[in-house]
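Any read-out appearing in this document is the output of simple, stated calculations on the displayed coordinates, not a laboratory observation. Note that the structure is a prediction, hence the values are computed from the model and not measured. As a convention, Cβ positions derive from the backbone with ideal geometry for all residues, glycine included, and neighbour counts pool all protein chains shown.
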Ligand code: FES
């Protein structure tokens, strides 16, 4: 069981205020609000940003990198793009000295996407069960409603709107929301393929953060679903970070699914 470690004198931290402290070789953000002290990992669970550099509003710390909010009392993630809590720690004050004891896990519940289900998790990881069409592109199982919808879409005239409809089958593996409603698709363009009557499709796509761990999977899935259309010769995906993604780019559907109002 970790022990309480002296990290600061209470007078070292203004009220309200923050202080970066080290506890058992881990960096912890210490907060002083309304006469009480709180401690959470100095790590934003969206993309590792330092929380101690953020803006403190009441009991909420706002990550300076992309604006995720956390409750400093519990570590709970309060807003996108963070969906997981950061770890919170025990704090006590004795004789004007502040002590922190690391917890194994945080207590904050975080944001749980309302659309999450075991079935969706299975689907998102089911590529090994998928078959290929005549072009060699991987398609979902033939008996699913989704595949019926896919077959209907791939027989329609190729257009930007149709590509966006196809891309709604690609879901962020952490948020379980499709990449179109998340606002990740910036541009779709077409060029004739040089050696046949089909089209080369170029897609400008962004990520919720520059180091998004789901990036390679999202790119592969994007190419896969667009390539199912019979008039597509090839798909190019360009990752663009300008303008940067912000939660404002999400549709109302995405907000509903994430329980953000
Ligand atoms: S790293 Fe904190 S919101 Fe992206």
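Structural remarks
- Divided by 2.2 N^0.38 Å, where N counts the residues, the Cα radius of gyration of region 6-50 comes to 1.16.
- Calculated P(r) tail over 17 Å for region 28-102, as whole % of Cα pairs: 36 percent
- Annotation: extensible slack from residue 156 through residue 15 equals 44.6 nm (criterion: 0.36 nm per residue apart, minus Cα-Cα distance).
- In range of the label at residue 196: residues from region 223-238 whose backbone nitrogen is under 19 Å from the point 7 Å along Cα→Cβ: 223-237
- For residue 73 and residue 204, a Förster radius of 45 Å and the Cβ-Cβ distance give a FRET efficiency of 0.65, rounded to the nearest 0.05.
- Förster radius 30 Å - calculated FRET efficiency between residue 94 and residue 246 (Cβ-Cβ, nearest 0.05): 0.10
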